[in-house]
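Beneath this line is the structure, given in C-alpha cells, with notes to follow.
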Amino acid sequence: MTLTLLALGAAGCASSADDGESPSPSEDGSGGAPNDPGSGAPVCKTAADCPAGYTCTQSACVPPEDEKDASDAPPPLASKSFVYVLSPSANSLTRIDPRTLSLEAIPVGASPVDVAVVPGEDSAVTLSSLEASLSLVDSATQPSHVLRVSLGRRYGRVAVSPDGAYALAWPDPSSPPGSGAEGVVSLVDLRAVRRGEPAERTVLERSAGFRVTDVLFRQEEGVATHAYIFAKSTVTVLDLSAPRQQPLPVRIALPAAMAADINSREVVATPDGQRVLLRATSAAMLASFDGTAFRTVTLPEVATDVDLLPDGSGAVAALRTAGQLAFIELPGDLEDPSGIQLIDVPGSSVGQVVLPPEGGGHFALVYTTVLNDESLTRVELPSGTVTRYPLEKRVDRVALSADGHTAVIVHKPEPASTATDPYERAVDADRGYSVLDLPSGYLQLRRTGALEPAQLAFSSGGGFVGVTLRSDTERRYAVDAVDLSTLVSHSVSLASPPAYAGGFAGATEETRHRVFVSQLHPAGRISFVNLDDSQIRTVTGFTLNSRIE
C-alpha cells in the first residue's frame, strides 16, 4: 500500500477467534447484509461472477478496498530545514522557516503544477506545465537561488532520484497531455544544471510508452542506477549511468492481466527500488520486476491488497474471500511458489494490509474498509500468530508510527446504526479515530462528532501524532495533538479548513515534535503545531506579499 479496538491486556491477550458475528458485505461497502431482501448485492459463487476488481465473499460481490489518497493537489513538502509550499496563482514557491516563520516567495515557472524536494538537501524542483519548464531551487544560501530549464513540452508530474542527481518529468496520467508530450518523458541532469550547462546537455527526451502512471528509481550503494517508467502496458528502463548512450531504452511488456488498463495493477516497491512487485486487480497473480523481466506467481484468488517489507525480504497479499494472508518470501517463493505461506485470519475480515516501516518489526496489520467488521488484526511474520483487536467502529484507514509501536485507526461513521443502546448508537454515528499501543494492546477511542479526521502526521522525533479535524458544515477546524505514551489528546483550533499535514525530514530540537498543517485560504495559510505543548504559530498571506499573522 501507498505509496497502511476495546482495551486489551498484554500482547497476545486477544478476544476469541470467533465472536459469533460474521462480517456482512454490502453493495457499496456500507455494511448491509448481502443476502437481505432488497440489498441489491449481486449473488455469486466465484469472483468470475462479479465485475472486475470485485471479490465473491459470502455469496455476494464485494467492491475493491478503498485505499485513501492524501490529496490530489501538491502538498507542502519539508526539506531538512524548511517547508516548501507551491503557490500556482502567484507563480512562486514559498519557502518557510518553521523556527522563525520567515518567508521567501521564490519566482518559478508560470502556474507551477508539481514540486519535489531533493532528498537530503534544502532544495526543491518545481514543474511548470504552462511554461514547459523546470526550476531547480537551492535554499542553501539566502535568498534562494533558482535555475530554470526549458523542457519544450508540457508535463504534469516530476520526481527526483534519491541521490538528487536526476529529475524526471512526465505527463499527468489523469489528464490529456499537451505539446506532443504523450509517451515522452524528460530526464534532467540536476548536476549539469548546477554547473550551468546548456539545455541540450541537461535535458534528455526519451519515449516511454502510452500513459505513464508510475516512476521508480533503483538505487545501489547510494547511487541511482536506473529509472523504471511504468506506462499502460509496458515498463521502460532508463540506464542512469549512461542515459545518452541509450537512444531507445529497454522496453518490456507487462503481463497481459496487468496491461488491460491503468487500473488493472498496483505497483509497490522498496525504498531503494531494488524490489518491485505488481498486484493484478482482476487476476489471481502477482508479478515481480527486477529491471530486466517479469516473473509471475499465481495466487489462490485475486488479492485485494499487497505490500512489501521495507527490506524486500517478503511480501504480504490479502486474500479476502478465503480470509487469508499470503506471505511470500523473496526471492525464494517466486522461484518455487509452493513455499508461499497461506495464513488463516480467523474472526476478522481481510481486505487491506499495513506493514511497519524499516526497523519496526515483521508483522502485518489487517483490516477491511468495505465489510461490516469492527476489528484490526495483527499477524506475526512468518509464524502466522494472530492477535485480534476488537474496535468500537468500522475502519476507514490505518497508519503506523515509524517504530511500529503505535497504530492510528481512522473510523467510518455509521449514521444508520441499528444498535439498540442509545450511547452505542451515538458512537456509531460519530466520526472518530482510535490509537492502539501495539506492545500492550491498549487502545483509546477518540470521538470527534461531526469533525472528520482527515490527515495524520507523526512527529519526526517520535512520541506524538497530529490528527487534523474538519467540519465544513459547522465551520469547525482543529488538529489533535496525541501523546503516544499516554494515548491522551489535546485539541488545537485552526482558523480555516486543514488540507494537508506533515512532519519534518530531520529531528532537530525545534522540529522533533512539530508538524505543519496547510489550510485552505485564498491568500495561503500554514500552521506549525508543537505536539508536545500544543503551541501553534500560523503564517497567512504568503501568496500575497507574505503577510504574517
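Observations, loosely collected:
- Flag if Val235 is over 29 Å from Pro51 (Cα atoms) and over 21 Å from the mean Cα position of the chain (by Cα): no
- Residue that is surrounded by the fewest Cβ atoms within 10 Å (Cβ to Cβ) [pool: residues in segment 138-167 that are hydroxyl-bearing (Ser, Thr, Tyr) and touching a helix residue (DSSP H, G or I) at 6+ places or on another chain (Cβ under 9 Å)]: Ser150
- Considering segment 232-249, and only residues there that are in a loop (DSSP other than H, G, I, E, B) and within 15 Å of Trp170 (Cβ to Cβ), the residue that is modelled with the highest pLDDT turns out to be Lys232.
- Search result, residues across segment 304-324 that are closer than 26 Å to Gln274 by Cβ and among the charged types (D, E, K, R): Asp305, Asp307, Asp311
- Which listed residue is within 24 Å of the chain's Cα centre (by Cα) and assigned to a strand (DSSP E or B), from Ile252, Ile262, Ile229: Ile229
Rundown of residues vs (1) under 24 Å from the mean Cα position of the chain (by Cα); (2) hydrophobic (A, V, I, L, M, F, W, C); (3) surrounded by fewer than 23 Cβ atoms within 10 Å (Cβ to Cβ); (4) at pLDDT 95 or above, yes/no style:
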position: Asp483; (1), (2), (3), (4): yes, no, yes, yes
position: Ala507; (1), (2), (3), (4): yes, yes, yes, no
position: Val515; (1), (2), (3), (4): yes, yes, no, no
position: His521; (1), (2), (3), (4): no, no, yes, no
position: Phe528; (1), (2), (3), (4): yes, yes, yes, no
position: Ser534; (1), (2), (3), (4): no, no, yes, no
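- Look at (1) hydroxyl-bearing (Ser, Thr, Tyr); (2) surrounded by fewer than 19 Cβ atoms within 10 Å (Cβ to Cβ); (3) over 23 Å from the mean Cα position of the chain (by Cα) and you find that Ser348 fails only one, number (2).
- Lone qualifier among Asp272, Asp307 - being of a type in the set (Asp, Glu), part of a strand (DSSP E or B), touching a strand residue (DSSP E or B) at 6+ places or on another chain (Cβ under 7 Å) and crowded, with 16+ Cβ neighbours inside 10 Å: Asp307
- Any hit, segment 459-477, residues being surrounded by fewer than 19 Cβ atoms within 10 Å (Cβ to Cβ), touching a Leu at 6+ places or on another chain (Cβ under 6 Å) and within 17 Å of Val85 (Cα to Cα): no
- Any hit, segment 231-244, residues being in contact with an Asp or Glu (Cβ under 8 Å, 6 or more places away or on another chain) and closer than 27 Å to Pro176 by Cβ: yes
- Some residue of segment 123-137 being outside any strand (DSSP E or B) and of a type in the set (D, E, K, R): yes
- Segment 404-445 - residue that is surrounded by fewer than 17 Cβ atoms within 10 Å (Cβ to Cβ) and of a type in the set (D, E, K, R) and, of those, nearest to Glu474 (Cα to Cα): Arg425
The values are calculated or read from the model by the stated rules, or taken from the named source; none is laboratory data. Note that this is a predicted model, so its numbers are computed, not measured. Every residue, glycine among them, receives a Cβ derived from its backbone with ideal geometry; neighbour counts consider all protein chains shown.
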